[in-house]
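What follows is a set of notes on a single structure, which appears directly below.
What follows draws every value from the coordinates through simple rules; no lab data is involved. Model, not experiment: these values are computed from the prediction. Positions of Cβ are generated from backbone atoms using ideal geometry, with glycine treated the same way; all protein chains shown enter the neighbour counts.
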Amino acid sequence: MVVSHLQYVDDTLCIGEPTVDNLWILKALLRGFEMALGLKVNFHKSSLISVNVPRDFMETACGFWHCREGIISFQYLGLPVRANPKKVSTWESMLEQLRNRLNSWGSKYLSLGGKITLLNSVLNAIPIFFFSFLKIPAKVVRMVIQIQRNFLWGGVGGGQKVCWVSWRKVCQPRSKGGLGVKDVKVVNLSRLAKWKWRLLQEELPLWKIVFLEKYGENISGFAQLEGARWPRHTSGW
C-alpha cells in the first residue's frame, strides 16, 4: 500500500523503521526546509505521536528532537481522535459549543420564526462535523434536544417553559403540520450512511484504500448488504 497524503496543514505523517538513522534523515530534511523557505520549525511546540513504536525509542526520539510526546487520544480539527463515542465526555465539547452559542443570543428578543431559523441554520450546523464520523448515543440525543427545546419554547435566558407540542411534531415538515426543525438523530444517521454509499463507489480515495488493505475486499460486499436494509430504516425520514 502506498500512502500519498503525508502532510496536512502543520501535521506530518512519517512511515518507516524506528531507527536513529531515520531520525537524522528527518531532521536533515526539516533543516533543509528551513534553509529553503526561511521558516523555522519550533520543536518545543511540536510533539511526536507514535503508532507501533517501542517506548524506549520514543524517549530517544523526543530527546533527540527536543520535543514532547503526544498521545493518540487528542483533538484534531475539533474532533476527538480515538475517543469512545458512547461516552458523554466525548461529546462534551460539542455540547459546550451549543451552550456558548445560546449564551451569545441571551440579550436578543427573537420571534418563533427567528428561533426556528437559528435552530436549523446555526444550532443544527454546529454538530455536523461530529455527526459525520461518530454515532451519537441516545443520552446525548436527549441532551441536544433538551437544549433545542428550551431555546425554542423558553428563549435563551427565560429558562424552561411549557412545551406546547411534542418534539416529534416539531421535527416534521411544514407540509405535515410541523415546524421543519431537523431531527439530530436522523441527521446523524444520514451523515454516517454517506460513508457506506462512498464505499460502494468505484473511486479509490486514500481512506478507502486503507479500509481495503486492513479489512479485505469483502468490505464492499458487506456495505452493499447493509445498504439493502437502508430503505426499511429510512422510510419515515
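What to note about this one:
- FRET efficiency, ARG101 to LEU29 (Cβ-Cβ, R0 45 Å, nearest 0.05): 0.60
- Sequence-ordered 3J(HN,Hα) estimates for region 120-126 from the Karplus curve with 6.51, -1.76 and 1.60 and θ = phi - 60° stand at 7, 8, 10, 5, 7, 8, 4 Hz, glycine and proline given as x.
- Amide hydrogen proximity for LEU48: with H placed 1.01 Å from N in the peptide plane, the residues at 5 or more positions away or on another chain lying under 5 Å are ARG68, GLU69, GLY70.
- Acute angle (nearest 10 degrees) that the helix 20-37 long axis makes with the longest principal axis of the chain, alpha-carbon atoms: 70
- Nonlocal amide H pairs with LEU79, under 5 Å, H built at 1.01 Å: none
- Subset of LYS87/LYS196; LYS135/LYS194; LYS86/LYS182; LYS185/LYS214; LYS185/LYS208; LYS86/LYS208 violating a 19 Å alpha-carbon distance limit: LYS87/LYS196; LYS86/LYS182; LYS185/LYS214; LYS185/LYS208; LYS86/LYS208
- Nearest-ten-degree value, helix 218-227 long axis tilted from longest Cα axis of the chain: 10
- Trypsin sites (Lys or Arg not before Pro) within region 103-144, DSSP loop, no more than 15 other Cβ atoms inside 10 Å: LYS108, LYS135
- Cα-based shape type of region 27-99, given that a ≥ b ≥ c are square roots of the gyration tensor eigenvalues and the cut on a/c is 1.5: oblate
- Proximal lysines to LYS45, defined as alpha-carbon separation beneath 21 angstrom and excluding residues fewer than eight positions away on the same chain: LYS27
- Entry for mean projected area of the Cα convex hull in nm² (calculated from the structure that is shown) out of (1) 12.1; (2) 18.3; (3) 16.9: (2)
- Between VAL3 and LEU39, residue separation times 0.36 nm minus the direct Cα-Cα distance comes to 10.4 nm.
- Relative contact order of the chain, defined on C-alpha pairs under 8 angstrom at six or more residues apart (%): 14
- Helical mean residue ellipticity (222 nm; -39500 (n - 2.57) per DSSP H run of 4+; nearest 500) of the chain: -13500 deg cm²/dmol
- Restricting region 114-202 to chymotrypsin sites (Phe, Trp or Tyr not before Pro) that sit in a DSSP loop and have at most 12 other Cβ atoms within 10 Å of their own Cβ leaves TRP164.
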